[in-house]
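Scroll down for the structure; my scribbles are underneath it.
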Amino acid sequence: MPFVSANEKAALGKKREELYKAQIDVQDRIRKAAALGDLSENAEYHFAKEENRSIQHQLAEVEMKLKNASVISNDDVPEDVVFIGHTVKLMDLDDDTEMLVAIVGEAQPTPGGGDVTHVSANSPMGEALIKAHVGDTVKVRAPRGTMEFKILEIVQ
């Protein structure tokens, strides 16, 4: 059963609503394109049908995640303990660089880009950080070797 924070479950619900609206729009385009007649050479019709299949696939994935997700609350977690839904500032002890890492649940996709690196709670880094305290040094086993990070603060 995938674990998610309350914010992640809300984001999945929002994504589901966006997909429902997109599906209605695409189905309307399919009806309009079909009304034009000859479907064999109707590119708009075929494109809209393919887009509808893609939306249905995404919608099924989101529905499955929402159905199976278990919401983890961090209300009872002490303020200095890292948990799912937290963003933490780390210092890489190899080169003294700082980075922001957000711990996300299993059902939430990890967005790319930005200043914050999203890591799954089940990843090696996520497992090392979960339940660690501010000020702790954690070791993360990675393909390129073991890395060490000091937890500087919980940002949110």
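Values for this structure:
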read-out: Total residues in segment 74-120, condition in a loop (DSSP other than H, G, I, E, B), modelled with pLDDT of 80 or more, touching a Leu at 6+ places or on another chain (Cβ under 8 Å) and surrounded by 11 or more Cβ atoms within 10 Å (Cβ to Cβ); value: 1
read-out: Qualifying residues in segment 2-60 (those that are of a type in the set (S, T, N, Q) and either touching a Pro at 6+ places or on another chain (Cβ under 6 Å) or in a helix (DSSP H, G or I) (or both)) - the one nearest to ILE103 (Cα to Cα); value: ASN7
read-out: LEU12 in contact (Cβ under 8 Å) with a residue 24 or more places away in the chain, of a type outside the set (Phe, Trp, Tyr) and outside the structural domain of VAL134 (by TED's automatic domain parsing); value: yes
read-out: Residues that are assigned to a loop (DSSP other than H, G, I, E, B) and surrounded by fewer than 17 Cβ atoms within 10 Å (Cβ to Cβ), drawn from segment 61-73; value: SER73
read-out: Within segment 24-60, considering residues that are over 23 Å from GLY13 (Cβ atoms) and small (Gly, Ala, Ser), the one surrounded by the most Cβ atoms within 10 Å (Cβ to Cβ); value: ALA48
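The values are calculated or read from the model by the stated rules, or taken from the named source; none is laboratory data. On a predicted model such as this, the values are computed, not experimentally measured, just so you know. All Cβ positions, glycine included, derive from the backbone under ideal geometry; neighbour counts span all protein chains shown.
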